[in-house]
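Please see the structure below; I have some questions.
Please treat every number below as a calculation from the coordinates, not as lab data. Nothing here was measured: the structure is a model prediction, and the numbers come from that model. Counting neighbours? That spans all protein chains shown, and the Cβs are built from the backbone with ideal geometry, glycine included.
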Amino acid sequence: MKPLEGITVLDLGQFLSAPSATLRLADLGARVIKVERPEIGDICRTLYISDCVLDGDSSLFHAINRNKDAVTLDLKDAGSRPALERLIRAADVMVVNYRPGVAKRLAVDYETVAGINPSIVYGEITGYGTEGPWVGKPGQDLLAQALSGICWLNGNADQPPTPLGLSVADLFSGQILVQGILAGVLRAKLSGKGAHVRTSLLEALLDVQFEAFTTYLNNNRKLPQRSKINNANAYIDAPYGIYPTLDGYLAIAMIPVPSLGRLIGCDALGAFSDPTSWYSRRDEIKRILADFLVKQATGHWLSILEPADVWCADVLTWDMLMQTKAFAELDMVQRVSRPNGFSLETTSIPIQIDGERYKFPRAAPAIGQDNQAVLGKVS
Amino acid sequence: MMEGTRDTLPLAGLIVLDFCQYLAGPSAAMRLADLGARVIKVERPGKGDGSRSLALEGLFSDGDSVNFHAINRNKESIALNTKEPKGLAMARRLVAQADVLIEAFRPGVMDKLGLGYEAIKEINPRIVYASVSGYGRTGPWVGKPGQDLLVQSLSGLAWLNGDADQPPMPFALSLADSYTGVHVAEGILACLIRRVTTGEGGRVEVSLLSSILDMQFEVITTYLNDGHRLPQRSALHNAHAYLAAPYGIYPTLNGYIALAMSPVSRVGELIGSAVVAGRTNPDEWFTDRDKIKQDIAVVLEKETSEHWLSILEPAGIWCSDVYTWEQLTESAAFKALDFLQDVARDDSARLITTRSPINFVGEGIPASKPAPRLGENTEAIIREFDLDNLGEQR
């Protein structure tokens, strides 16, 4: 039995944060019903990147919404209300990511929903919480990153604050919401008590930074200092970073600098025998190392460092990664299809349960695809 | 923030054993503690979790690194030497009475100790047993070190970050560890839900590599279906390799502003740039994004952040200031979030860290207990779980 079999989830979310949360619930065996407004649906359907349109919807939408049912309901139309309330009564979980106040206007806020189904676990993602001056700000990933301080950890010291090149606020807030929802569902199963679980993009980003941020809070508020070259973590000593080689790149994690110098034959690194210098003079060390590593190929360095148990790795593109046996062994790619025969490749769940990586053959639904089956009306 | 009680938290009453070190496994256990579980760290005597002595900026509190305190708030600690028969037997008795076990040893190590899943299932069929690895339990990379930067480097992630003329740039945080920890907690919670119905536990396995690939799932899906075109970072102000101009962070006269998805021509009108305003063909916002970003940057650096925000925000453009932690923590918005707590041990000075990002609205947020000293609860746990009664196997 898959862990969440028998659990029904209503997904009223859009874009990435909330829908990525319900994707994970679907990955774990729940039935997810996506509720969209008629015609337009989730805006993510038309948010194209890389001009990649797949059977009428964007690649992003397909990735985020595989293995879900889809119905359309106009929440502003009183005629839709009985169908919505039937769905709410049948659901164990409901997920939203409206700006604060919008759910109440649409009468899909927690109080209203709990009045219909008291044991429901209601998950909500906002941008910046529900109090304070930022409540009305757009809950958008880059803006949340910009406000969270995270951009001052990333990139090199002479660069502007550099955002992380993925929607990490959306991603982490979605998964943090999953954790809260699952805990709430467990309690609801045992006690019948429902829950209103809430997180925000900003809280998620602070939680992601919590180690470094806690250091800041207790170290006289000394701000992070990125290294000038090859920054990979503002708080970690040299040589930590990615270095160009003659034919590619090499990642090196933690290793005593003089030991590294001996292994690769870089005598200049021998001077750094005082471990405190690995942090205080890390730009200088990294510069020496970068000038040295670039003279030979990645394979050359790996053949010296790996047998010596130095923490190092090649730096791969997706092309290179997907040709490795290790990637094939991981079994992370699956092919999913629509009822009309259209199919595409996407990833699958990162969690294995009882030795198995679950695969579900259903691609993301066309808009209103399951109206008839779920709502009992002609679509 | 209303103070809550741990008794009503969703995982109250559950016992979680954290056999892990550093960040990935312990952060999963921390989240279960945030959600109400009782978490016991099982550590080797003498040194304990390696992160006790691995201090960011050399910062310690009461003998342990401040980052250790952050990761291990709300836990207890028992020191057991599982390399000796007695310690191992005690560990087995403890595992027999637990609901959840999390381990992150290299594949095979727990089996050798007799603490592997199959062995433990025999004595505790209700246990949810979670393993963290670098690259899975099989395959040619099993022996590779499961380290954050290396996993990022092997996963393609570093090609999404930084500008086009830079080497691949890792995300400068331990994101593989963090995301893996999140997935471990998810798998455990899902199996606990199933256990209510079936009465049986389950096995959860997550690797750093699978988690960091899941983090890229949107863009990898795009790559898999657009003819395997590799990501192209923008030459300037890259914030997302797949998004059009103006998406990025721009210097101003006195700081920086972030511009998210917005119509380029409208941004051009608002900032008074005829050349940007003339970009009325949305296709160009992606295909010519470097030039557009440069044209926007030239204008934005001439005035202050406040000036631009006062024009762009009221016009509905998605934009914001770019804050340091100092600016953030001083803001009224941050104060309204009420996100900090003091987890100093009794006799120590203040130790401020973050709280759980998960709110159970209307239920309050209980304060976290401080992180434990190494073996702080050894004697009490031995008594409570009758661990030295080794005559009978429980």
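Counting only C-alpha contacts under 8 Å and six or more residues apart, can you give the relative contact order of segment A:241-379 as a whole percent? Walk me through the intermediate numbers first.
Values: 155 pairs, mean separation 26.5, N = 139.
Once divided by the residue count of segment A:241-379, the mean separation gives 19 percent.
Pick from A:LYS137, A:LYS68, A:LYS34: which is most flexible by mean-square fluctuation in a GNM of chain A where alpha carbon atoms under 10 Å apart are linked?
So, out of A:LYS137, A:LYS68, A:LYS34, the one fluctuating most is A:LYS137.
How high is the FRET efficiency from B:ALA235 to B:LEU309, r the C-beta distance, R0 25 Å, rounded to 0.05?
So the FRET efficiency works out to roughly 0.50.
Run a plain Debye calculation on chain B (Cα atoms as equal point scatterers, no solvent) and give log10 I(q)/I(0) at q = 0.13, 0.14 Å⁻¹, rounded to two decimals, same order as the q list.
Calculated log10 I(q)/I(0) at the listed q: -1.14, -1.24.
At each listed q (0.15, 0.17 Å⁻¹), what is the log10 of I(q)/I(0) that the Debye formula gives for segment A:170-314 modelled as equal alpha-carbon point scatterers?
-0.82, -0.93
Residues in segment A:233-250, backbone N under 12 Å from the label point at A:LEU263 (7 Å along the Cα-to-beta-carbon vector): list them, ranges by number please.
Under 12 Å, as judged by backbone N against the label point of A:LEU263, lie A:239-240 of segment A:233-250.
At 25 °C and a viscosity of 0.890 mPa s, what translational diffusion coefficient does Stokes-Einstein give for chain A, taking Rh as the Kirkwood radius over Cα pairs? Give it in µm²/s as a whole number. Let's see the in-between values first.
Details: Rh = 23.6 Å.
Answer, rounded: 104 µm²/s.
Can I ask one more? Full-extension gain between B:ASP338 and B:SER53, please, as 0.36 nm times their residue separation minus the C-alpha to C-alpha distance. The partial results should precede the final answer.
Details: separation 285, 0.36 × 285 = 102.60 nm, distance 2.96 nm.
Full extension of this stretch gives 99.6 nm more.
For a paramagnetic label modelled at 7 Å from the Cα of B:ARG126 toward its Cβ, which residues of segment B:164-196 fall within the zone defined by backbone nitrogen distances under 13 Å?
The answer is B:192-193, B:195-196, whose backbone nitrogens lie closer than 13 Å to the label point.
Would you mind telling me the antiparallel percentage of the DSSP bridges in chain A, rounded to 5? Don't skip to the end; give the middle numbers.
Numbers: 15 of 37 bridges.
If I count the DSSP bridges inside chain A, around 40 percent turn out antiparallel.
If you don't mind, there's one more thing I want to ask. What is the Rg over Rh value, at two decimals, for segment B:288-371, using alpha-carbon atoms and the Kirkwood definition of Rh? Please list the in-between numbers first.
On the way: Rg = 20.0 Å, Rh = 16.9 Å.
Radius of gyration over Kirkwood radius for segment B:288-371 works out to 1.18.
Still on this structure, please answer the following. Need one word for the protein assembly as shown: rounded, prolate or oblate. Basis is the Cα gyration tensor (sqrt eigenvalues a ≥ b ≥ c); a/c below 1.5 gives rounded, then a/b vs b/c decides. Walk me through the numbers on the way to the answer.
Details: a/c = 1.44, a/b = 1.06, b/c = 1.36.
Taking the square roots of the gyration eigenvalues as a ≥ b ≥ c, the protein assembly as shown is rounded.
Roughly how many nanometres apart are two label points built 7 Å out from the Cα toward the Cβ at A:LYS295 and A:PHE342?
5.6 nm
I would also like to ask the following. Can you give me the angle between helix B:289-300 and the longest principal axis of chain B, using Cα atoms only, in degrees from 0 to 90, rounded to the nearest 10?
Taking the Cα atoms of chain B, the angle to B:289-300 is about 80 degrees.
Moving on to the next point. Compute the projected area of the convex hull of the Cα atoms of segment A:294-348, averaged over all viewing directions, and report it in nm² to one decimal place.
One quarter of the hull surface, i.e. the mean projection, equals 5.5 nm².
When ranked by the protection proxy of mean other Cβ atoms within 10 Å per residue, highest first, what sequence do the peptides B:208-214, A:108-114, B:15-21 form? Write down the numbers at each step before the final one.
Details: B:208-214: 27.0, A:108-114: 18.6, B:15-21: 24.3.
The peptides rank, most packed first, as B:208-214, B:15-21, A:108-114.
Right, next: Suppose we take every Cα in segment B:41-156 and form the convex hull; what volume per residue is that in Å³? Intermediate values should be presented prior to the final figure.
On the way: hull volume 15.9 nm³, N = 116.
Enclosed volume per residue, from the Cα hull, is 137 Å³.
How do B:ILE271, A:ILE349 line up, fewest other C-beta atoms within 10 Å first?
Ascending Cβ contact count within 10 Å gives the list B:ILE271, A:ILE349.
Can you tell me how much longer the chain between B:LYS369 and B:GLN97 gets when fully stretched, taken as 0.36 nm per residue apart minus their C-alpha distance, in nm with one decimal?
Numbers: separation 272, 0.36 × 272 = 97.92 nm, distance 2.29 nm.
Taking B:LYS369 through B:GLN97 to full extension adds about 95.6 nm, to one decimal.
In Å and on Cα atoms, what radius of gyration and Dmax does segment B:255-394 show?
When restricted to the Cα atoms of segment B:255-394, Rg and Dmax are 26.9, 86 Å.
Starting from the Cα of A:VAL53, step 7 Å along the direction of its Cβ; do the same at B:VAL298; then give the gap between the two resulting points in nm.
3.4 nm
While we're looking at this one, here's another question. At 7 Å along the Cα-to-beta-carbon direction for both A:SER303 and B:VAL196, put a label point, then send me their distance in nm to one decimal.
So the label points at A:SER303 and B:VAL196 sit 5.9 nm apart.
What is the distance in Å between the Cα centres of segment A:1-68 and segment B:54-75?
Between the Cα centre of segment A:1-68 and that of segment B:54-75, the gap is 39 Å.
Pop out the Kirkwood hydrodynamic radius of segment B:256-321 from its pairwise C-alpha distances, inverse of mean 1/r, in Å to one decimal.
Kirkwood hydrodynamic radius for segment B:256-321: 11.8 Å.
Have a look at the DSSP beta bridges in the protein assembly as shown and tell me what percent are antiparallel, nearest 5. Provide the component values of the computation, followed by the final result.
Details: 32 of 76 bridges.
Given both bridge residues lie in the protein assembly as shown, the antiparallel proportion sits at roughly 40 percent.
Only helical DSSP H runs with n ≥ 4 go in: add -39500 (n - 2.57) per run for the protein assembly as shown, normalise by residue count and round the 222 nm mean residue ellipticity to 500 deg cm²/dmol.
On the way: 32 runs with 277 residues, N = 773.
Value at 222 nm, helices only, nearest 500: -10000 deg cm²/dmol.
Taking chain A as a Gaussian network, where each spring joins two C-alpha atoms under 10 Å apart, which residue of A:VAL185, A:VAL294, A:VAL35 fluctuates the most?
A:VAL294
Determine the shape class of segment A:130-179: with a ≥ b ≥ c the square roots of the Cα gyration tensor eigenvalues, call it rounded for a/c under 1.5, and otherwise prolate if a/b is greater than b/c, oblate otherwise.
Working: a/c = 2.73, a/b = 1.45, b/c = 1.88.
Because a/c hits 1.5 or more and a/b fails to exceed b/c, segment A:130-179 counts as oblate.
Could you compute the net charge surrounding A:GLY355? Neighbours are other residues with a C-beta less than 10 Å from the C-beta of A:GLY355; K and R count +1, D and E count -1. List each step's numbers first, then the result.
On the way: positive: A:ARG357, B:ARG137, B:ARG203; negative: A:ASP354, A:GLU356, B:GLU205.
Result for the local shell: 0.
Now, a different point. Mind putting a number on the dipole of segment B:256-321 about its Cα centre? Charges go on the C-beta only, +1 for Lys and Arg and -1 for Asp and Glu, and I need it in Debye to the nearest 20.
On the way: 6 positive and 11 negative charges, 25 e Å.
The dipole magnitude comes to about 120 debye.
May I pose another question? Within the P(r) computed for segment A:51-141, what percentage of the Cα pairs occupies the region above 21 Å?
Values: 1891 of 4095 pairs.
Summing the P(r) tail past 21 Å for segment A:51-141 gives 46 percent.
Quick one: dipole size for chain B, taken about the Cα centre, charges +1 on Lys/Arg Cβ and -1 on Asp/Glu Cβ, in debye to the nearest 20. Walk me through the numbers before you get to the answer.
Working: 38 positive and 50 negative charges, 243 e Å.
About 1160 debye.
Now for a different question. On average, how many beta carbons from a partner chain sit within 10 Å of the beta carbon of a residue in B:114-125? Each step should come with its number before you reach the end.
On the way: counts 0, 0, 0, 2, 0, 0, 0, 0, 0, 0, 0, 0.
Taking all residues of B:114-125 together, the mean is 0.
Students often get this wrong, so check it: of A:LYS34/A:LYS76; A:LYS228/A:LYS286; B:LYS47/B:LYS112; B:LYS86/B:LYS112; A:LYS286/B:LYS144, which have C-alpha atoms separated by over 20 Å?
Numbers: A:LYS34/A:LYS76 17 Å; A:LYS228/A:LYS286 9 Å; B:LYS47/B:LYS112 22 Å; B:LYS86/B:LYS112 16 Å; A:LYS286/B:LYS144 24 Å.
Beyond 20 Å between Cα atoms: B:LYS47/B:LYS112; A:LYS286/B:LYS144.
Moving on. Name the residues of segment A:1-20 whose amide N is less than 13 Å from a point 7 angstrom out from the Cα of A:ASP74 along the C-beta direction?
none
Please check: in the Gaussian network model of chain A (C-alpha springs, under 10 Å), which one of A:LEU263, A:LEU164, A:LEU23 has the largest mean-square fluctuation.
Greatest mean-square fluctuation among the candidates belongs to A:LEU263.
Inside 10 Å of the C-beta atoms of A:123-134, what's the mean count of C-beta atoms belonging to other chains?
Working: counts 1, 2, 0, 0, 0, 4, 7, 4, 6, 8, 5, 7.
Per-residue shielding by partner chains comes out at 4.
Could you work out the relative contact order of segment B:256-321? I mean the mean sequence separation of Cα pairs under 8 Å and 6+ apart, divided by the number of residues, in percent. Can you show the working numbers first?
Working: 68 pairs, mean separation 29.3, N = 66.
It rounds to 44 percent for segment B:256-321.
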